[in-house]
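Here, each number is a calculation from the coordinates, and none is a lab measurement. All values derive from a computational prediction rather than experimental measurement. Every residue, glycine among them, receives a Cβ derived from its backbone with ideal geometry; neighbour counts consider all protein chains shown.
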Amino acid sequence: MGGLKAEVDPAEVGLDPERLQRIDRHFARYVDDGRLPGWLIAVSRHGRLAHVSCYGSRDLEAGLPVEPDTLWRIYSMTKPVTSVATMMLYEEGAFELTDPVSTFIPSFADVRVHACGSDLRQVTVPATEPVRIWHLLTHTSGLTYGTGRPGSSGPILAARTWPRPVTSGRASRCCSSPGRSGTTRWRPTCSAG
């Protein structure tokens, strides 16, 4: 069996082996209770691979276990890669997590949020606070891909096919005010239509 192998003792690069084992136990529970079919964890520090572990199945139907050389199809990596890059800049002091996004992207100034109305005749109101960097990192900015109703695409998806910018120099309307309701799933109701 080939694949990934730890090349250094975790303690040599400042990692606690017991804490790494806690990661393994944590994710093993995900497999044992059915939340994941399997996983492979590789932890490196200072460019040296210090911990490799795997557990569960790579193919449930065939009953094949995860091995250190298992290849994975990975989707939707923009958010984690962007978040890591953002936190690297934060560690360097480039900004505070409470900074308004409009400091860096002016079109995020004066964001309005959906209050009621149909997809074609939305009624919006000013957001109760500015969209902040931490809102983007915790997915509580109020931005949405659509209203969640069948046939609605929202301004972000519509921008993919429209020949002109949907936002006309402003950030897309939010589904809810930043930080409110803890998620972007909030759907207000009103009698306007």
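Do any GluC sites (Glu not before Pro) in the stretch 69-102 lie in a DSSP loop with no more than 13 other beta carbon atoms within 10 Å, and if so, which?
GLU92, GLU96
Give a residue-ordered list of calculated ³J(HN,Hα) values for the stretch 23-34 (Karplus: 6.51 cos²θ - 1.76 cosθ + 1.60, θ = phi - 60°; whole Hz; x for Gly, Pro).
Once rounded to whole Hz, the list reads 4, 4, 5, 4, 6, 4, 4, 4, 6, 4, 9, x.
Whole-Hz ³J(HN,Hα) for each residue in the stretch 121-127, computed from phi via Karplus 6.51 cos²θ - 1.76 cosθ + 1.60 with θ = phi - 60°, x for glycine and proline: what do you get?
Working through the residues one at a time gives 10, 6, 9, 10, 9, x, 5 Hz.
Would you mind checking which residues have amide H under 5 Å from ALA50's amide H? H placed 1.01 Å from N; only 5 or more apart, or other chain.
Amide H neighbours of ALA50: GLU7, VAL43, SER44, ARG45.
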